[in-house]
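> Dropping a structure here in structure tokens format, bear with me for questions.
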């Protein structure tokens with residue numbers, strides 16, 4: 001009897017161990033398979049997000065090109081491999097699109113499937129997109145520069161930009177603030193022109209003198225060269241005589257500043273006191 005009970009107890013323990021082992025193995029398999037699925041799902045989402053970002057960067061680069069923006073080019077990315085679809089008028093433009101796409105970050109490979117169709121028309125709504133983007137960038141930089149200037153931060157100055165020409169409107173307190181706003185606008189890269197419609201509110205301010213106007217015309221011409229940094233240059237005018245003081249980087253900039261100032265209508269003589277580094 002005791003022997004039977006011992007055998008029965010042994011069998012029960014064996015069955016319990018087998019069941020426990022099956023549970024452990026089954027649980028491990030379940031965790032392994034589901035972890036694998038979760039890992040794959042995570043990688044899939046991650047790749048999808050990266051591919052979407054890559055496509056967006058390529059589209060932006062293509063739209064900022066004056067040659068490519070007028071055409072509808074579709075961009076699709078799969079695991080870093082970019083495909084271009086659509087129609088362009090020439091082989092040259094097709095190759096240009098490929099070069100721009102390949103130069104975009106995170107692009108691993110390119111399939112340029114653009115078809116060349118000489119009869120394809122340009123989309124007028126997209127054609128000037130790069131110019132509009134440039135205008136928006138300039139507007140943002142000018143507005144930011146004015147808002148951060150201690151003299152102008154509390155002034156209500158509106159900035160508009162069209163064809164890279166800045167228009168300033170609103171009210172400032174004195175002529176000095178008006179000139180500061182002009183200088184901020186001119187120092188923004190890409191600005192081709194400036195229309196200053198700012199109104200001076202201080203009644204005690206005298207109108208801008210002929211000398212001041214001449215000095216500002218010289219300043220404009222110096223800026224237009226795109227080769228002379230104006231931040232360290234002071235320009236004074238007196239009876240047609242322009243005096244340049246401050247510092248430039250080299251002898252070439254010093255001579256260019258003098259010749260540019262001499263070319264301005266109304267300038268009779270230029271006193272060039274611009275300093276250059278020793279040894280140049």
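> Which order, highest average first, do 101-108, 114-121 follow once you tally other Cβ atoms within 10 Å for each residue and take the mean per peptide?
Descending mean neighbour count gives 101-108, 114-121.
> Mind ordering 148-156, 163-171 by average Cβ neighbours within 10 Å, highest first? Don't jump to the answer; show the numbers that get you there.
Numbers: 148-156: 12.7, 163-171: 16.3.
Result, highest mean Cβ count within 10 Å first: 163-171, 148-156.
> When the convex hull of the Cα atoms of the stretch 208-280 is projected onto a plane and the area is averaged over all directions, what value comes out in nm²?
4.3 nm²
> Please quote Rg/Rh for the stretch 127-279 to two decimal places, taking the Kirkwood radius as Rh and restricting both calculations to Cα atoms. Don't skip to the end; give the middle numbers.
Values: Rg = 16.5 Å, Rh = 16.6 Å.
With Rh from the inverse mean 1/r over Cα pairs, Rg/Rh is 0.99.
> If you don't mind, another one. Stokes-Einstein diffusion coefficient for the stretch 128-207 at 10 °C in a medium of 1.306 mPa s, Rh from the Kirkwood formula over Cα pairs: what value in µm²/s?
Roughly 125 µm²/s, to the nearest whole number.
> Something else about it: Within a 10 angstrom radius of the beta carbon, how do 91, 253 rank from fewest other beta carbons to most?
The fewest-first ordering by Cβ neighbours comes to 91, 253.
> Of all beta bridges DSSP finds with both residues in the stretch 208-280, what is the antiparallel percent, to the nearest 5? Show your work: numbers first, answer last.
Numbers: 6 of 13 bridges.
Rounded to the nearest five, the antiparallel share is 45 percent.
> Let me ask something else about it. Please tell me the relative contact order of the stretch 128-207 in percent, rounded to the nearest whole number, where contacts are Cα pairs under 8 Å and at least six residues apart. Could the numbers behind the result be given before it?
Details: 119 pairs, mean separation 24.2, N = 80.
Once divided by the residue count of the stretch 128-207, the mean separation gives 30 percent.
Quick note: the coordinates plus some simple rules give every number you see, no bench work behind them. Since this is a predicted model, take the numbers as computed values, not measurements. Glycine also receives a Cβ, built like all others from the backbone with ideal geometry; neighbour counts cover every protein chain displayed.
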